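Right, one structure below, let's go through it.
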Amino acid sequence: MQNVISGALEPRLVGCNMEATGGNDEVVSGELASVAHAVSLPAESYGNDPDIEMAWAMRAMQHAEVYYKLISSVDPQFLKLTKVDDQIYSEFRENFKKLRIDVLDPEELKSEAAKEKWRPFCLKFDGIVEDFNYGTLLRLNCSQGYTEENTIFAPRIQFFAIEIARNREGYNEAVYTSVQDKEEEKGANNGGDKGANNGGEEEKGANREGEKEKTNKGGEKEKEAYKEINKSGETAM
């Protein structure tokens, strides 16, 4: 348990300083606040200072928040989470061909039978993925955020395996699309208000400029995401 706590104090995705689009920050932070209860355990479970419990919870939540912002800001199918994504995905699907990952069944992860099946998979990445067994938060339903009801505690390699598969198989697209649709709706409303004040031609010009700026910013954000993800992988994995 001490190893789990220590690893969680240094989540590897925290280095990705991605900015969420629009008002997503408040939504994510609000959801994660409720996770504190879900990830908290009695202090005696750690056999250490009770402050460690809160430190672990905060770091785990920070890791989760950064990851959620990331898949909200960049098309998840293009994300690379580790240096060995291909190996993780290949081994995962070889061992868990029929595992449903869009909506996880906790029994498929936490039951004694499931643990026996997951253990050999996880141990394959000991020495390959740093901190492979340290604590991370994992969403059950990939179309939803990190709420208390939608969050479980999982080893880091299990998080990587499932989230890499969700990204590659298109399941995390729902999060990205939802956020982008809200941003487009917000931009359209702002454009309409501006057009009403300044005339039809100015509205068209503003919309064209807005789309151009949005495209440029989107490209810059995507490039920045790749850079930060790769930087994280180089230092952590």
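What follows draws every value from the coordinates through simple rules; no lab data is involved. What you see is a predicted model; the values in this text were computed from it and never measured. Methodologically, a virtual Cβ is constructed for each residue, glycine included, from the backbone with ideal geometry; neighbour enumeration extends over all protein chains shown.
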In terms of modelled amide H atoms, which long-range or inter-chain residues lie less than 5 Å from the amide H of THR151? LEU140
Under a point spin-label approximation (7 Å from Cα along Cα-to-Cβ), what is the GLU107-ALA188 distance to one decimal in nm? 4.3 nm
Can you give the three extents of the C-alpha atoms in region 90-139 along their principal axes, from longest to shortest, in whole Å? 28, 24, 21
